[in-house]
Structures are given as structure tokens and as C-alpha cells.
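First the structure, in the form of C-alpha cells, and then the observations on it.
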Amino acid sequence: MQVFVFFVSWFFWTLMVAWFSVNLLKPHYGRPYPVHFKYEPSFFNHFMHWDAVWYTHIAVYGYRNSTVHIPTIAFFPGYPIIMKFIHSLTNKDISFLYILPALVFQGASIYMLYLLLKDLNKKESTIYMVILLFAFYPSSFFGMSAYPVSALNFFAISVFYFLRKNQYLLASFLAGLGTLFGPLAVFLSVVVFFDIVKNKKTADFIKAIPYTMLSIWGFVAFVLYSFYKFKDPIAFIHAQDWWGRPTLLKRISNILMLIPHDIPSHPISTPLGVYEFDHFINLLVMIFYVVIIVLAIDRLPIHYTLFSVLILLEYLWALGGIFINTSAFARLSYISVPIFIALADLLEDYPWLNGVIAPLFFFANFVLEALFVKNYWSI
């Protein structure tokens, strides 16, 4: 019951923030929709910005590599497949129906996190504190947009949960299904492999190989599709060149210049004035992420920490190669289940931390969603 209350609270909070943004923030004219879709009139259209538009494009027209402004093959097919099914039923672009699967995944993610923390024998009070932080994570509002964020969360949490139950086949299959929704899910294969071989028995290593291969089946399927469609098995990687293709030294330089590279960021126009801190907030999220990894490094299995570090490194590598800044990190880091397990450990020892982290999450969530809804580039 409490889990349902958290989900409902998150839902109405997200709607309230959207209302605030729509009615009180000044319009942002600098970045129009990359593609114009005539969504049926709805308040939920305010959640269909940026990548959500491209997922709609894929659902309606299929994949294209060079005939649109951004090569759509850069986006993974899991969520567009669901959207295409919805579009085939209605033959209209109805934003709420496109968002509905994300809402379902968000609710399921909250419930699966509850089951995982309960299986880890955390205190009931600690479990609810962590679920609160999960529900109001700075990027949780993507659970009300046609983005695969909440789906990735669901698959990641489910994989960790079913591995604890020694249900390796189900965990591996779900990990593979997750890779259809985004490339970060590929790192779940590392968790699957090391979780099986943690006892260091020869038989476990042999068993781990097929399960690890199964855990990337969606990614392999997308590679085969890319080869069939575009004669390029890694077209989704080559498509990233649209966002920038720096030399290795330039990429490293961009990473090292992270903080000055991100500040100042996009201005926020409000009735009270203009502010510039959306990228700064995402930078704080990244710092928080690193701090939690460091504080919990001796509390978590090594492959849990490895999973979190891989997500961080992939983000930094991507950041060094594109012209956008840290505005995406809150979203990308949300899949990192070990962060929330680590928070459960830390909050049991230091419950006062919730009084520090929760206001930070609420504030960051508010600002980033308000920007996204108003069509600022806070993706």
C-alpha cells in the first residue's frame, strides 16, 4: 500500500511541477522542436520534448539513417516498438497513450525496488526512505515522458532482484530485453557474469558464459537489424557523429574541462529574472553519484561497484565526444541500482542523511522537470 502511495504522490507532484512550468516560466524560443508532430491536444504534450519526439518519429515512420535532421538509428528500439503498437491501434499521436507505458514501468520499478530492498533485509523504515529518494530522483519525471528511462530502471532492478533469487535464466532474459531499450543495459551482463561466478568454481564459470550471452540478446538483435537495414552493424554508434566527432585528445580535454565546460548553462527565464543552473544541478548529481560510490565501496559486492563505475565512465566518454553538457547525467545515472542499495546501507547507519538528500532531490527534480516541460534542453 505504501509503495502505491509513493507512486501516486510522485505522479501528482510531477503534474504540479509541469503546471508551474507551463504557467509561470517564460517561453523558451531558442530551441524549437527538432521535428513537429501534431499530437492530439493534451496537457501531456508538454512531456513530449526532445528524444520523445524522435521515439515518436521511429514509431510512426520507422528507422531512417540520413533522411532526417538527426539519424534516428541512434535511438534503441524497445520503447518505439511499444509506441508503434499504440499508434497502430489509434492511428493518431496521442501523447498520454505514448507516455502510459513509461508510467507503468515507473510504478513497476518502485515496486521491484521495494522487493529488492526487502530481500536484502533492510529495515522497513529504511526501505521507504530509499523508495522516496528513488521516486523523486532528479530525473524521475522521465517516467512521465515517452522515454525508456523507467523501462531501463525496471529491467535493471529486476535483474538484481532475480539474481539474488538465483533465477539466472529469468535475470539474463530480462537483462537482454533491457538492452533493446538502451545501450547502458549492456552493463547488466557484467553483473550477471560476476554474480554467477562469485564462488569462483569452475562449473560456475562454464554456466556463466551462456547466461551472459543471453543477457545481451536485445543488443545483438539490434546490431543484426542495423546490418540488415543499413549495411552497418554499428550504425547506432556511427550516428553519434552527428553530435560531434572529436579527436582522442580533444575528447580527453573535454572530460578534464568538465566543470568550466558546463557553467554557465542555459538561462532560465522566470517572472523573477533569469537564472543559469540546470547543468550545474546535473553536475551536483554526478558529484553525489561519485560520493555514494566511494562511501559504499566497502559495503557492496565488487561487481555492483563495477556496474556503477562503468555507467560513470561511459557517460564521461560520451560527454567528451558531444557538444551537449552534463544535462543528461541525472537521467543516465538513474539505472544504477547499486546507488540505491548503497543509500539503504548508509541511511541505516546515518538516517539524518535523508534530511539532506531528500530536499536536494526534490529541488533538483523540480528544476530539471520545469526546464524540460518548457522545452529547455535539459535532457
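The values are calculated or read from the model by the stated rules, or taken from the named source; none is laboratory data. Bear in mind that the values here come from a model prediction, so they are computed numbers and not experimental data. Every residue, glycine among them, receives a Cβ derived from its backbone with ideal geometry; neighbour counts consider all protein chains shown.
Quick notes on this one:
- The number of residues in the range 301-344 being modelled with pLDDT under 90, over 22 Å from PHE181 (Cα atoms) and not in a helix (DSSP H, G or I) comes to 2.
- Test: residue in the range 169-190 that is over 19 Å from LEU312 (Cβ atoms), more than 18 Å from the chain's Cα centre (by Cα) and in a loop (DSSP other than H, G, I, E, B): no
- Taken across the range 311-334, residues that are β-branched (Val, Ile, Thr) and surrounded by fewer than 19 Cβ atoms within 10 Å (Cβ to Cβ) do occur, with at least one present.
- Conditions (1) touching a Phe, Trp or Tyr at 6+ places or on another chain (Cβ under 7 Å); (2) touching a residue at least 60 places away in the same chain (Cβ under 8 Å); (3) over 20 Å from THR305 (Cα atoms); (4) assigned to a helix (DSSP H, G or I): number failed by ALA146: (4)
- Residue in the range 151-168 that is in contact (Cβ under 8 Å) with a residue 40 or more places away in the chain, among the hydrophobic types (A, V, I, L, M, F, W, C), part of a loop (DSSP other than H, G, I, E, B) and within 22 Å of LEU312 (Cα to Cα) present: no
- Verdict on LYS201 being exposed (fewer than 14 other Cβ atoms within 10 Å of the Cβ), modelled with pLDDT under 95, basic (Lys, Arg) and on the phi > 0 side of the Ramachandran plot: no
- Counting only helices (runs of 4 or more DSSP H) that sit completely within the range 215-260, those holding 3 or more residues that are at pLDDT below 75 correspond to 248-256.
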